[in-house]
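Throughout, read-outs are computed from the coordinates displayed, never taken from laboratory work. Remember, predicted model here, so these are calculated numbers, not experimental data. A quick note on method: Cβ atoms are made from the backbone with ideal geometry, for glycine too, and the neighbour counts reach across all protein chains shown.
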Amino acid sequence: METAYLKSPEFWQSDECHVMVNDRDSGAVVQSEMLSRWCVDRAQLRGHLLFSTSGSTGDSKWVALSRRAIMTSAEAVNEHLQVTPRDHWLLALPTFHVGGMGVVARAHLASCGLSLYQKPWNAQQFYKALDNGTTLTSLVPTQLSDLITAGLKAPRPLRAMLIGGGPLSNDLYQKAIQLGWPIIETYGMTESSSQVATASVSDRRLKVLSCWHTRIESGGLLSIKGGPLLSAYLHINNGNIIHTPALNKGWFRTSDRVDITNGYLTVNGRSDRCAKVLGELVDLAGIESSLVMLLGSVEVVVIAIPDQRRGSRLVAVLEGNARVLAAKIALDEYNQTCSPVARIVSTSSVDKFPRTALGKVSYTKLIDFFIQDEKLVE
């Protein structure tokens, strides 16, 4: 879909259901064609945009967001950032992700400028585009890391750079501040039409945006309620499309464990087995299932190790040293066919997996072991 149309009032006033798809992902394109036909006669999906997201069960899952929900989120973010018609956004995120579409919505709502960086990502080229009166932009940590590695200093007009799509390491944050980048960290998800909580320049605390009600459920899990929430999930399984409600009396229960104090949110981790790689949510359990099919009876655990540039790097761990070399052939085969963000970067082994009292693998202990010892086989 042409970005010029996405910026137009006609797009935001339309009641058509649009599937926001990455044209370079052949599988997603096939699904989008199926969804487009299916949605034509679904009155409940009029005026909606559909975004692909990673399912925890390994099936394909699409999030249905109404245009009204996206605009409600944009209004809250604009309020937090104090966006005016004098501002100018530079968009470097794809519009088939909610982060990119959120930028388009904010610019439309504030009647401010919007420029596009549509080339393949390159820190130097992006910097040249940025240094042209841009006041606002939004990136993922990987892109920020490339700017910092290149030693580029923030251009004077830039007043805010939103960073989302994954956690930002303290080391990278401090280096960015030293180079003058006005970093504002964000926390959100596709289901929330973008941001739930947003920091400020020189203040890393994540303030819950005005459009949200929050509560903490058992286990410390965050639940949210507000206008930007999704309408439903659409699952595609064996060629069938299943429309699944996602809310319980207006509340959406996330998989994130958090604390909330005086309106500020602290993320303590996820309850499920997922990790962010290059800004994409990756299902570790699904990868393990794929590897088991290749490895046969060999048990393998996939863990995510923090990585400054990628967000996380994926490591396949096996029990027993002798199995590593035998498994590498299968792992190489997997890497040749998987998505780039789901690639296994390293393989290694332990004598015995650490386990809980119930016999389950203790992922926390396993990750800590590798972080401390850096015992990785490339």
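At a Cβ-Cβ separation cutoff of 4.7 angstrom, cysteine residues of the chain with no neighbouring cysteine are CYS112, CYS211, CYS274, CYS338. Of the residues LEU229, ILE177, PRO306, the one whose Cα sits farthest toward the positive end of the charge dipole of the chain, with +1 on the Cβ of Lys and Arg and -1 on the Cβ of Asp and Glu, is ILE177. Taking the Cα centre of the range 165-211 as origin and assigning +1 to Lys and Arg Cβ atoms and -1 to Asp and Glu Cβ atoms, the resulting dipole is close to 120 debye.
Which one, GLY227, GLY99, GLY219, has the greatest fluctuation when you compute a Gaussian network model over the chain with C-alpha springs under 10 angstrom? The residue that fluctuates most here is GLY219. Projecting the Cα positions of LEU136, GLY27, SER14 onto the charge dipole of the chain (unit charges on Cβ atoms of Lys, Arg, Asp and Glu, taken about the Cα centre) puts LEU136 furthest along the positive direction.
Couplings 3J(HN,Hα) for the range 133-150, derived from phi with the Karplus relation 6.51 cos²θ - 1.76 cosθ + 1.60 (θ = phi - 60°), are x, 5, 10, 9, 7, 9, 9, 9, x, 4, 5, 4, 4, 5, 5, 6, 4, 6 Hz, where x marks Gly and Pro.
Cβ crowding within 10 Å ranks GLU2, GLU217, GLU191 as GLU2, GLU217, GLU191, fewest other Cβ atoms first.
In this structure the amide hydrogen of SER312, modeled in the peptide plane, comes within under 5 Å of the amide hydrogens of LEU278, ASP307, none closer than 5 places in sequence on its chain.
For the listed residue pairs LYS276/LYS365; LYS175/LYS365; LYS61/LYS365; LYS7/LYS128, the alpha carbons are over 27 angstrom apart in LYS175/LYS365; LYS61/LYS365. Tell me, what is the percent relative contact order of the range 274-373, built from C-alpha pairs under 8 Å that lie six or more residues apart? Once normalised by length, the contact order is 25 percent.
Among GLU319, GLU333, sorting on how many other beta-carbon atoms sit within 10 Å of each Cβ, with the fewest leading, yields GLU333, GLU319.
Sequence neighbours fewer than 8 away in the same chain don't count; with that in mind, list the aspartates and glutamates whose C-alpha is under 14 Å from LYS352. Candidates past the 8-residue exclusion: GLU299, GLU319. Give me the dipole magnitude in Debye, nearest 20, for the range 1-142 about the Cα centre, with unit charges on the beta carbon: positive for Lys and Arg, negative for Asp and Glu. Computed charge dipole of the range 1-142: roughly 120 debye.
The charge dipole of the chain, taken about the Cα centre with unit charges on the Cβ atoms of Lys, Arg (+1) and Asp, Glu (-1), comes to about 680 debye, rounded to the nearest 20.
Farthest towards the positive end of the charge dipole of the chain, among the residues ALA43, LEU366, PRO155, is the Cα of PRO155, using unit charges on the Cβ of Lys, Arg, Asp and Glu.
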